[in-house]
Amino acid sequence: MKLKLIGLAIGLANLTFSQSQLPADSISMSGQLTQIELLSLIDTTEVSENNVFIPIERLIQRTEGANIISRGNFAQDPMLRSYKNSQINVTLNGMRMFGACTDRMDPITSYAETSNLESISVSHGGNADLNSNALGGGLNLNLKEASFSGTPKTSGLFGSSLASNTSGINLFGQLNHQNKRWGLFLQASAKKYGNYYAGGGEEVEFSHYQKMNTTANFAYKLSKKEVLKVNFLYDKAVDVGYPSLPMDVGIAEATVAGVNYQNFNSGKLINNWEAMAYYNSIYHEMDDTKRPNVPMHMDMPGWSKTFGAWVKAESQQFSNHKFNGIFEYYQNSRRAEMTMYPDNEMPMFMLTWPDVMRNTGGIGVKDNWKLNTRFSLVSSIRLDVFCSNITTDFGKQHLEIFGYDVEEGILEPIFSWKENLTYQLNSNTQLFTNLAYAERSPDVSELYGFFLFNAHDGYDYIGNPELKKEQAWQAELGISQSFEKINWSFRGYFHHVNNYIIGRTDSIIDAMTIGANGVRVYTNLPHAQLMGFESNINCSISREWLITGNAQYTHCAENTGQPLPLIAPLQTRIKLTWANNSWYANAEWQWSNAQNRVNSNFGDRPTPAYSLINASVGKNWTLGKVLLKTELQGFNLLDHYYRNHLSWGQIPQMGRNITFNVIFKI
């Protein structure tokens, strides 16, 4: 007998490179990044202080193995080797944060700006980095911080960007003061964009947004080898359109604060250590008031609050060993509501995240072992304990109607382990292999979600507190070679994931969302498999010319052989850069193969191949003590109409967009 949950709701009353040829005092600009440690456990993309007009998502997209899921022109969701959502960790300065939207309209990357980032660090696979307890790896956004100087000095950076496609404007400003005792870094930015137009001039409605962001970092030198840092970030986006979803966002707001202590007093055992305590709060509110023909108005606010602390330490060198360790604890509480207003009837109220609290404690150790002049081995192990529970009787009632017992909550250990062996074949060639095992506890939506509508496949989703944790066995092989004018690398990987979590249709339960295809309940597959490769090449043709290229591919399947949903096809980029004194220019060819290997049960549709041409030209000017940068950028210059396979709702991507950027450095 089908459950009639409307009545229940009434009763209860969501690679690139650095611009190395420019003069030392010039301002490096968009796209000029430094990719280091290509075959290490962590790939770090150093962001130039002036790359403020490149969206964070585009920087992530240029990182090996990374992609983004798009629901519009704002807050694209990062993926690493087709792992997504809680399968990867996304942190801000090492601080845990969790979105407040049940529909993932606010990934953590949406609460930062390129203008306040120092770098983006990406680790792939389970336990690739002691900071990550996810089986797919981690992504850390490292904020700019204040520094010290023997001579007091103050500097500033200010800029603006105008975009033709969206009639958009982006403004930012930075102020940095340094002396030998303390330092202060301040940043503020604001942007406003209208609807964008796809290739050929088709307007993509509800793709507008506006946003402001401000950060502050204060550093104080307690002694010659002790530093105290205080971080603060406030971010607010309003009137955010999502063309692939049935509603938009009225407000998405985050407040983040953290205190960091660093100690460089070297002892017999410990070389250095640091500790951090932090707190963040996120509020998110969906909005359907600007949409035409809404069958029923709904209010859908969400809250997420996290506080945590960690201690990290690095040992002295003991013979051929050096150790790193981490101890971490964090607590996250989330609540999301839905109030529906049917015509001429009483409002209906429910909790879509029913007052969930999660406590996590973890400890990890890494050993860097130099076996000999050619071999090195990095071994790491981490153990976390997750405790999840619903904190109110009202919240528990939501899951109990399906027969689940949620009175006692869930307590389970999460274990990860990794071995990374590197062999230096000769001065030019390095080989490596990784073997890893990692586990993941189901997230809040997968455990406790209550009628969460997925606009991509058209189903309401319900959580399952009886889910098993995912368990992944992972293997990876790689090679890199570096010569005077050329370097390249290649890595291939294979992952076998037991108990892979996915939604399965339950025909007994009625959908809550008007027009939904039905209801799906999260369940465990016996297993899924992911395999693929990444490759890149950098070639210095001459002092003025540089060519770079990269390619990546992932193949993913359920245990039945059916493709997993939202898997990107083969992709490649080739970029040619020229720089001479104060002038520079680049041209980029971006290509994506067709994706015909799709799972239509989850809203996937075949995607044609496409290629794009992008280019930019810029010049540095010296005006007394002021450095001026002017740049003209062009994206999708041929105005090609195309769709990225990872775009929800089959929405087309942006057509030709010309931006004019100006930056002053004083």
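The values are calculated or read from the model by the stated rules, or taken from the named source; none is laboratory data. No experiment lies behind these values; they were computed from the predicted model shown. No Cβ is skipped: glycine too gets one built from the backbone with ideal geometry, and neighbour counts run over all protein chains shown. Please note that ligands, DNA and RNA were not included when accessible areas were found on the heavy atoms of the full protein model with its side chains. Shrake-Rupley method; radii C 1.70, N 1.55, O 1.52, S 1.80 Å.
Size of segment 449-593 along its principal axes in angstrom, Cα-based, largest extent first?
Cα extents, longest axis first: 68, 35, 23 Å.
Taking the Cα centre of the chain as origin and charging only Cβ (+1 Lys, Arg; -1 Asp, Glu), how large is the dipole, in debye to the nearest 20?
Dipole of the chain, to the nearest 20 debye: 2340 debye.
Modelling each spin label as a point 7 Å along the Cα-to-Cβ direction, I'd like the Met531/Glu400 distance in nm, to one decimal.
4.9
Please name whichever of Met531, Ala511, Ala615 sits farthest to the positive end of the charge dipole of segment 508-618, dipole taken about the Cα centre and charges placed at Cβ: Lys and Arg +1, Asp and Glu -1.
Ala615
Quick check on my link table: of Lys485/Lys625; Lys322/Lys485; Lys224/Lys625; Lys180/Lys312; Lys225/Lys625, which ones sit more than 30 Å apart, alpha carbon to alpha carbon?
Flagged as over cut-off: Lys485/Lys625; Lys322/Lys485; Lys224/Lys625; Lys225/Lys625.
Could you tell me which residue out of His456, Ile479, Pro442 lies farthest along the dipole of segment 433-480 toward its positive end? Charges go on the beta carbon: Lys and Arg +1, Asp and Glu -1, centred on the Cα centre.
Going by the Cα projections, it comes out as Ile479.
For segment 367-500, take the convex hull of the Cα atoms, compute a quarter of its surface area, and give me that in nm², please.
Reported value for the Cα convex hull: 12.2 nm².
All other residues with a Cβ under 15 Å from the Cβ of Gly395 taken together, and with Lys, Arg as +1 and Asp, Glu as -1, what is their net charge?
In short, -3.
Using a 1.4 angstrom probe on the protein heavy atoms only, could you order Glu407, Glu337, Glu345 from most to least accessible area?
Heavy-atom accessible area, descending, gives Glu345, Glu407, Glu337.
Report Thr622's accessible area, 1.4 Å probe, all protein chains in place, as a number in Å² to the nearest 10.
90
Listed highest first by mean packing, meaning other Cβ atoms within 10 Å per residue, what order do 121-127, 565-571, 448-454, 374-380 come in?
Ranked by mean Cβ neighbours within 10 Å, highest first: 121-127, 448-454, 565-571, 374-380.
Could you give me the ³J(HN,Hα) list for segment 351-363, computed from phi with Karplus coefficients 6.51, -1.76, 1.60 and θ = phi - 60°, whole Hz, x at Gly and Pro?
Each residue's phi maps through the Karplus curve to give 9, 8, 10, x, 6, 9, 10, 10, 10, 9, x, x, 9 Hz.
Considering only protein heavy atoms, what per residue accessible area in square angstrom results for the chain with a 1.4 angstrom probe?
Per-residue accessible area for the chain comes out at 40 Å².
Just in segment 482-524: which trypsin sites (Lys or Arg not before Pro) are loop by DSSP and have at most 11 other Cβ atoms within 10 Å?
Counting only loop positions with at most 11 other Cβ atoms within 10 Å, the trypsin sites (Lys or Arg not before Pro) in segment 482-524 are Lys485.
Working out 0.36 nm times the residue gap between Lys221 and Trp473, then minus their Cα-Cα distance, what length gain in nm do you get to one decimal?
Extra length available between Lys221 and Trp473 comes to 86.3 nm.
Applying 1/(1 + (r/R0)^6) with R0 = 51 Å to the Cβ-Cβ distance of Glu202 and Cys387, what FRET efficiency is obtained, to the nearest 0.05?
0.55
What figure in square angstrom, to the nearest 10, would you give for the accessible area of Asp405 with a 1.4 Å probe?
In the full protein context, Asp405 sits at about 120 Å².
Modelled label-to-label distance, Leu175 and Val365, 7 Å Cα→beta-carbon offset: nm?
Reported label-point gap for Leu175 and Val365 is 4.8 nm.
On the protein heavy atoms, probe 1.4 angstrom, tell me the percent of accessible surface of the chain carried by carbon and sulfur.
Looking at the chain in its full context, I get 58 percent from C and S.
Which trypsin sites (Lys or Arg not before Pro) in segment 536-588 pass both tests, a DSSP loop state and at most 13 other beta-carbon atoms within 10 Å?
Arg543
Within 10 Å of each candidate Cβ there may be at most 14 other Cβ atoms; applying that plus a DSSP loop requirement, which GluC sites (Glu not before Pro) in segment 196-278 survive?
Glu202, Glu205
Just add up the charged neighbours of Phe218: K/R +1, D/E -1, any other residue whose Cβ is under 14 Å from the Cβ of Phe218.
Cβ neighbours under 14 Å give a net charge of +3.
Work through the residues other than Gln653 whose Cβ is under 13 Å from its Cβ and net out their charges, Lys, Arg +1 and Asp, Glu -1.
The answer is +1.
Ignoring ligands, DNA and RNA, how do Trp353, Trp578 rank by accessible area with a 1.4 Å probe, largest first?
Reading off the accessible areas and sorting them downward yields Trp578, Trp353.
Express the C-alpha Rg of segment 179-284 as a ratio against the empirical globular expectation 2.2 N^0.38 Å, rounded to two decimals.
The reported ratio for this selection is 1.62.
Gain in length, Ser611 to Phe327, computed as 0.36 nm per residue apart minus the alpha-carbon separation, to one decimal in nm?
Answer, rounded to one decimal: 97.6 nm.
How long is the gain from Tyr234 to Thr289 if the chain were fully straight, where each residue apart is worth 0.36 nm and the alpha carbon distance is subtracted?
Full extension of this stretch gives 17.2 nm more.
Short version: what are the Cα gyration tensor semi-axes of the chain, square root of 5 times each eigenvalue, largest first, in whole Å?
In descending order the semi-axes read 38, 31, 27 Å.
In debye to the nearest 20, how big a dipole does segment 571-666 give about its Cα centre with +1 on each Lys and Arg Cβ and -1 on each Asp and Glu Cβ?
240
R0 = 60 Å: FRET efficiency of Met346 with Asn426, Cβ-based, nearest 0.05?
Approximately 0.20, to the nearest 0.05.
What per residue convex hull volume, in Å³, do the alpha-carbon atoms of segment 549-647 yield?
124
Once the whole set of protein chains is in place, how much accessible area is left on Tyr279, using a 1.4 Å probe, in Å² to the nearest 10?
Using a 1.4 Å probe on the heavy atoms, I get roughly 100 Å².
Please name whichever of Ile270, Tyr209, Thr166 sits farthest to the positive end of the charge dipole of segment 143-286, dipole taken about the Cα centre and charges placed at Cβ: Lys and Arg +1, Asp and Glu -1.
Ile270
Evaluate E = 1/(1 + (r/R0)^6) for Ala587 and Thr433, where r is the Cβ-Cβ distance and R0 equals 35 Å; express this FRET efficiency to the nearest 0.05.
0.45
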